[in-house]
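> Pasting in a structure now, in structure tokens, and then I'll have a few things to ask.
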Amino acid sequence: MSNLLQDFLDLDPFAAEIKRHPRTVRRWLDQPNGLPYTKVGNRILIHVPTAREWIFSRMQNQKKTRARPSRPTFVEFFKASQIQPVRTRRSGK
């Protein structure tokens, strides 16, 4: 067998390798900036090193969470605002 196609995989084995359904991979192929592939006859061949680069190029940085300002506790809020809580009668008396 020729070494010419050793870096290529058919669609189904490629999908199995990356643990995705073949329909998902087909959707990637159909996107405007989709997964690069070549066709030889009826076979869809995916060049594995190029696919790896394509997948890495789609990685996104995690969104940085902004630090929330610390909120005062209920008691600290009332102490700071000089508001006195209203006392209610207990039920049962």
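> Please specify each residue of the stretch 33-86 satisfying the condition of being under 30 Å from A16 (Cα atoms), of a type in the set (A, V, I, L, M) and either modelled with pLDDT under 75 or assigned to a loop (DSSP other than H, G, I, E, B) (or both).
L35, M59, listed by residue number.
> When both residues are 6+ apart or on different chains and their Cβ atoms are under 7 Å apart, which pairs have a first residue that lies in the stretch 29-49 and is under 15 Å from D12 (Cα atoms), and a second that is charged (D, E, K, R) and assigned to a strand (DSSP E or B)?
Correct list of pairs: R43/D10; I44/D10; L45/D10.
> What residue, among those in the stretch 19-65 that are under 19 Å from L5 (Cα atoms) and β-branched (V, I, T), is surrounded by the fewest Cβ atoms within 10 Å (Cβ to Cβ)?
Looking at the filtered set, the residue picked out is V40.
The values are calculated or read from the model by the stated rules, or taken from the named source; none is laboratory data. From a predicted model like this one, the values you see are computed outputs, not experimental measurements. Ideal geometry is used to build each Cβ from the backbone, glycine not excepted, and the neighbour counts take in all protein chains shown.
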